[in-house]
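Notes for the one structure printed next.
FYI, it's all coordinate maths here, none of it is from the lab. A quick note: this is a predicted structure, and the numbers were derived from the prediction, not measured. Virtual Cβ from ideal backbone geometry, glycine too; neighbours counted across all protein chains shown.
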Amino acid sequence: MENVLKPLLDSANSIILGKEQQLKLAVCCLLAKGHLLIEDIPGVGKTTLSHTLARLLGLNYQRIQFTSDILPADIIGASIFDVENARFEFHPGPLFNQMILADEINRSTPKAQSALLEAMEEHQVTVEGKTYDLPRPFFVIATQNPSHQIGTFPLPESQLDRFLMRIELGYPDKRAERKLLVGRHRYSLIEELSVQLEPKQLANIQQQVTEVHASSALLDYLQDLIAYTRESTDYHCGLSPRAGLALLTAAKAWTYMDGRNAVLPDDIQAVLPSVAGHRLRSGSTDSDSIVAPLLNNVAVS
Amino acid sequence: MVLDVNQRILVFLLVSIGLITLPHINHMPMTVFSFFSLLLIWRFVCVWKTNYLPNKIIILLLVIVAVVLLYTQHKGFLGRDAGTNLFVTALGLKLLEIKKERDLYLISYLAFIVASTQFLYQQSILMAGYILFVCCVLIATLVSINSQKAATVSALKTATLIIFQALPISIVLFVLFPRVEAPRWMLFNHQNTAISGLSDSLEPGSISRLGLSDELVFRVKFAGKIPPPNQRYWRGPVFSWTNGKRWTESKNLFFKKNQHKVTYTGESYQYTLMMEPQDKRWVFALDMPSLYPDSVTKNALYQLINKDNPGKRAAYKITSFSQYNTGDITKTERKDNLQLPSDPSEKIIHLVTQLQGFEAPAERFIQSVLSHFKNENFYYTLTPPLMEENPIETFLFDTRYGFCSHYATAFVYLMRVAGLPARVVAGYQGGEHNKVGGFLEVRQANAHAWAEVWLKNKGWTRFDPTAAIAPERVEQDVNIDLQIATGLVNFSPANINVSRALSWMKSAKQLWSGIDYSWQRWVINYSTVNQSKFLSSLGINNISSMVQWLVASIALITCILAWTIFKTRQTKIAEELILYQRYCKKLARAGVYKKAGETAINFSIRVQHLRPDIAEEVKKITAIYIRLRYEQNLAKEDFILLKNKVASFKA
């Protein structure tokens, strides 16, 4: 297993410097068939990351730049009258690709946001009564600017819940930044990347992830974590059952990436900040400090 | 505003302390209570503005102020009031000094003591309910202190659960634990808080003042039949001496010679009299008491006197007879009861002559006086005009409006002029039958005065001149609700409209009275004596069997509770976890503690770092444990291996 994923991660790390943990989480999210939300200020490499992943996985890649005037039809596509055949014909929008980068999703209006988010949940879109399946695998990486920036429509909790993980990239450290400054342009490097994982292999791995064993002791710990969020006063509302499932799936993917076949509490703890951080609201916006009481107070069983 | 956890606990604690001390406002000196409130508000503000907290010097000053305040108010620190105030003030001062978790506990326990001091003042069922509620809030505070989670509601829920779990044991302790009577010093100054009822002298207005009060004086539970309303005369102080305006008791109150042998005839009534706390030692027995407990004594005027402290509720078992003959009277007694403030005026002499007072037999004269009241436009009213000078004559000849005391005193005066020994008896008449509790309730508004005339061969005989003018007063019982509502004397069932409006209130009141009566009877009155009575009825006769029962019941309850708790937590602890915990315990003994949220791997890495000497063993044990606990295919060998490794592990 590790042999399959190692070249993938290594290649990605050669493009995005000094972000091993975030890249691993992004790949983990992909293996768990979840969508990824990257929240950070502009220019830290959100787009590069998604572009790199698409390239390495050999997926059709399309970037949708969300603006405040984007309409659902701009994302999904529209029916256009074909004069020759004298009927309406559906022209699929940019959404019909295997990997979508929804850039600056919180700059668009809620109407456009929900068009994308519905597609993410159902893996299909319905236009004028006809249902069109989206390609598989279908993977959305959305980026959003911190909500305190001007001109943002923050995603409601119900839609944040659709993203399996939220990660923050943050500034590179000094050494990585120097390497970036002296190196070649990232896009030319991306152009040179070769596919490391075929879509078929990916589907295979995704299947294997679901077969990772989770013992009852581990499920006890998982349930204790969920129960804590529901009872504690640290959080406004607890984790939903869907969040619990997400946590387990992500932990399984993480286990798989580490080359083991049974989930450990350590795996849950590793994915917890990015899986639970955006689903729990508390005084802080930083995922690590949001889940800190959970990690400290819930006894590992 | 989102409070952080510590602030939430503080707010919780301060609110519960406010609730606990609130009822003390009734009996604490205003200055001390304001001082405490100031401290509480100060602390409350400091929840948000921590830099307003006083420093050591200011706290010292506050302590000095508190000591001075307490000392000036109570001239000492002993006694019920001073002690209670000391506790409350100490609580307030300690609030300003919360530094560690330990202080929070100390304050909570102090608050429990302050809550229980409330019972030194008031023991009603409402107060008990209130104290139980605030204790619940206080326990919820302790619950919050001890758990980072637990929102307000769930903390309260847990507290309620704790109280319910404690209930069986507290009931057993209440019933079986030897009762300790409150020491006398605790009840010092208590008389001041007792209700004021009849006074020891009769003056114009002293009874009508009570006419508007529905305060309970006593309750009576009859063992058998209940006497008819016109027999319900509850005997109080007897007034013989008068200066024309004021009537007081004879000085020969305990003159043994005057205590004649009384012969009882007629219906006998057995009852339990439950007196509310009062400022006098009088026990208002049904006229005429024959058997009574040792704690009371009967004086020469046939009034029952409590030998003990009257400042608390007490129950007396009494037997009374409706008819009696007190026999002869002594010279002193005759002299006492013929006393007149001065020679009667001509008008009086004329009236007595006119009513054949000087020639006709005693009973004929009495009848003619009574019919004089009945026929000559006399009126019965709760608010008679004020008669300052020579009230008896003014009443008889001018105003003719009067309350029972006017009729009784005028009647006695006329008797004495005619040479018949007579005296005024004060007490209560009537009583409302509470259908819920099956007892009579006698209230201040039932206060009454009547007359007694000594007749040859009959002894002291009761005459009620009020009955002549307003027979409803004694036969139908005063309608107290209406009397209080309208300020007029009303006799039920007149004035139906108002009556109906008040009837539901009345039945609610009766229900409440019934509950209160049971509370009094079964809880408050559960004294040493009543306990031993109750327990011997269960066959528990001595201390040793009492202790055996106590221990046995507590053991039983503990077992039942333990069993239910055990049953709800029956999830079996896995064996590999037990072994791992044993390993952790060994490490803990060596000073390395596993944190709650720490995974086995992280812990092992930390231990390896701290103790390189045992790194290998730690690594192995952790690996096997993780295999056993989280992996799919368990191997029996692994389990044995872990067992051996843990057994031989030395930290």
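Please arrange A:R87, A:R162 by counting, for each residue, the other beta carbons lying within 10 Å of its beta carbon, fewest first.
Fewest-to-most ranking of A:R87, A:R162: A:R87, A:R162.
At 0.36 nm per residue, minus the direct Cα-Cα distance, what do B:F177 and B:E267 gain on full extension? Give it in nm, one decimal, please.
Full-extension gain reported as 28.3 nm.
Rounded to two decimal places and with Rh computed the Kirkwood way over Cα pairs, what is Rg over Rh for segment A:101-158?
Result for segment A:101-158 is an Rg/Rh of 1.02.
One-quarter of the Cα convex hull surface for segment B:79-159, in nm²?
Result: 5.9 nm².
Please work out the C-alpha center-to-center distance from segment A:116-168 to segment B:620-650 and express it in whole Å.
45 Å
Can you work out the base-10 log of I(q)/I(0) for segment B:5-176 at q = 0.18 1/Å, using the Debye formula on its C-alpha atoms alone?
Evaluating at q = 0.18 Å⁻¹ gives log10 I(q)/I(0) of -1.20.
Given axes a ≥ b ≥ c from the Cα gyration tensor, I'd like to know whether segment A:133-205 is rounded (a/c under 1.5), prolate (a/b larger than b/c) or oblate.
It is oblate, given that a/c is not under 1.5 and a/b is not larger than b/c.
Under 30 Å Cα to Cα from A:K33, which lysines show up? Leave out anything in the same chain fewer than 8 places away.
A:K6, A:K19, A:K24, A:K46, A:K111, A:K130, A:K200, A:K252
With no solvent and one equal point scatterer per Cα, compute the Debye intensity ratio I(q)/I(0) for segment B:24-105 at 0.11, 0.15, 0.20, 0.25 Å⁻¹ and report its log10, rounded to two decimals.
Treating every Cα as an identical point scatterer, log10 I(q)/I(0) equals -0.30, -0.55, -0.91, -1.24.
Calculate for chain A the 222 nm mean residue ellipticity that helices alone would give, adding -39,500 (n - 2.57) per DSSP H run of length 4 or more and normalising by residue count, nearest 500 deg cm²/dmol.
-14500 deg cm²/dmol
Kindly state, to the nearest 0.05, the FRET efficiency for A:S240 paired with A:Q65, given R0 = 45 Å and r defined as their beta-carbon distance.
For R0 = 45 Å, the calculated efficiency reads 0.90.
Could you state the per residue volume, in Å³, of the convex hull enclosing the Cα atoms of segment A:212-297?
Convex hull of Cα atoms, per residue: 80 Å³.
Provide a whole-number value for the mean count of partner chain Cβ atoms within 10 Å of the Cβ atoms in peptide B:597-603.
6
Along Cα→Cβ, 7 Å out, is where each label goes; now give me the distance between the ones at B:N26 and B:F566 in nm to one decimal.
4.6 nm
Rounded to whole Å, give me the distance from the Cα center of segment A:53-114 to that of segment A:183-246.
The distance from the Cα centre of segment A:53-114 to that of segment A:183-246 comes to 26 Å.
Once the other residues with Cβ under 15 Å from the Cβ of B:R611 are scored (Lys, Arg +1; Asp, Glu -1), what is the net sum?
So the environment of B:R611 carries a net charge of +4.
Please report how far the C-alpha centroid of segment B:261-314 lies from that of segment B:120-181, rounded to the nearest whole angstrom.
39 Å
Specify which residue in the list A:L219, A:H185, A:G244 is farthest towards the positive end of the charge dipole of segment A:157-250, using unit charges on the beta carbon of Lys, Arg (+1) and Asp, Glu (-1), about the Cα centre.
The listed residue farthest towards the positive side: A:H185.
Among residues other than A:V212 whose Cβ falls under 12 Å from its Cβ, what is the net charge (Lys/Arg +1, Asp/Glu -1)?
-2
Which one, B:I515, B:S201, B:Y583, is farthest towards the positive end of the dipole of chain B when Lys and Arg carry +1 and Asp and Glu -1 on their Cβ?
Value: B:Y583.
What are the extents of the Cα atoms of segment A:2-202 along their three principal axes, listed from largest to smallest and rounded to whole Å?
Principal axes ranked by extent give 60, 40, 29 Å for the Cα atoms.
Once whole DSSP H runs in chain B are found, which of them have Cα atoms spread over 30 Å or more along the helix axis and a mean Kyte-Doolittle score of at least 1.0?
B:125-146, B:152-176, B:543-568
Determine Rg/Rh for the protein assembly as shown; Rg is computed over alpha-carbon atoms and Rh is the Kirkwood hydrodynamic estimate from the same atoms.
We get a ratio of 1.21 for the protein assembly as shown.
Under a plain spin-label model, where a point goes 7 Å from the Cα along Cα-to-Cβ, how far apart in nm are A:L180 and B:N51?
4.0 nm
Please get the size of the charge dipole for segment A:212-297, origin at its Cα centre, with Cβ charges of +1 on Lys and Arg and -1 on Asp and Glu, quoted in debye to the nearest 20.
Here the size comes out at about 300 debye.
Partner chain Cβ atoms within 10 Å, averaged over the residues of B:619-632 - can you pull that number for me?
Mean shielding by partner chains, rounded to a whole number: 3.
Across the Cα atoms of segment B:528-568, what radius of gyration and what greatest pairwise Cα-Cα distance (Dmax) are found, in Å?
Final numbers for Rg and Dmax: 13.9, 42 Å.
For the ranges B:286-299, B:46-59, what's the packing order if you count other beta-carbon atoms within 10 Å of each residue, average per peptide, and put the highest first?
B:286-299, B:46-59
Within 10 Å, count the other beta carbons around each residue, average over each peptide in B:413-424, B:132-143, and list them highest first.
B:413-424, B:132-143
Take the alpha carbon atoms of segment A:34-134, find their radius of gyration, then divide it by 2.2 N^0.38 Å using N residues; give the quotient.
Ratio of Rg to 2.2 N^0.38 Å for segment A:34-134: 1.17.
Once you have the Cα-Cα distance between B:L511 and B:L610, take 0.36 nm times their residue separation minus that, and quote the gain in nm to one decimal.
28.4 nm
Report Rg(Cα)/(2.2 N^0.38 Å) for segment B:575-648, keeping two decimals.
1.03
How about B:K435: which lysines have a C-alpha closer than 17 Å to its C-alpha, ignoring those fewer than 8 places off in the same chain?
By straight Cα distance, B:K435 reaches B:K221, B:K225, B:K506, B:K509.
Rounded to the nearest 0.05, what FRET efficiency do B:E389 and B:A360 give with R0 = 25 Å and r taken as the Cβ-Cβ distance? Could you check?
Calculated value: 0.20.
From Cα pairs below 8 angstrom and at least 6 apart in sequence, can you work out the relative contact order of chain A, rounded to a whole percent?
In percent, rounded to a whole number, it is 23.
Which percent of Cα-Cα pairs in segment A:142-301 sits in each 5 Å bin, short to long?
1, 8, 14, 17, 16, 15, 14, 10, 5, 2, 0
Helix-only estimate, please: 222 nm mean residue ellipticity of chain B, summing -39500 (n - 2.57) across DSSP H runs of length 4 or more and dividing by its residues, to the nearest 500.
-15500 deg cm²/dmol
For B:K620, give me every one of the aspartates and glutamates with a C-alpha distance below 15 angstrom, ignoring sequence neighbours fewer than eight places off in its own chain.
Within the straight-line cut-off, B:K620 pairs with B:E576, B:E637, B:D638.
Given 10 °C and 1.306 mPa s, how large is the Stokes-Einstein diffusion coefficient of chain B in µm²/s, with Rh as the Kirkwood radius over Cα pairs?
51 µm²/s
Return the Rg/Rh value of segment B:393-451, two decimal places, where both radii are evaluated on C-alpha atoms and Rh is the Kirkwood radius.
1.17
When you have a sec, figure out the Kirkwood radius of segment B:518-595 from all distinct Cα pair distances and drop it here in Å to one decimal?
Every distinct Cα pair counted, the radius reaches 17.4 Å.
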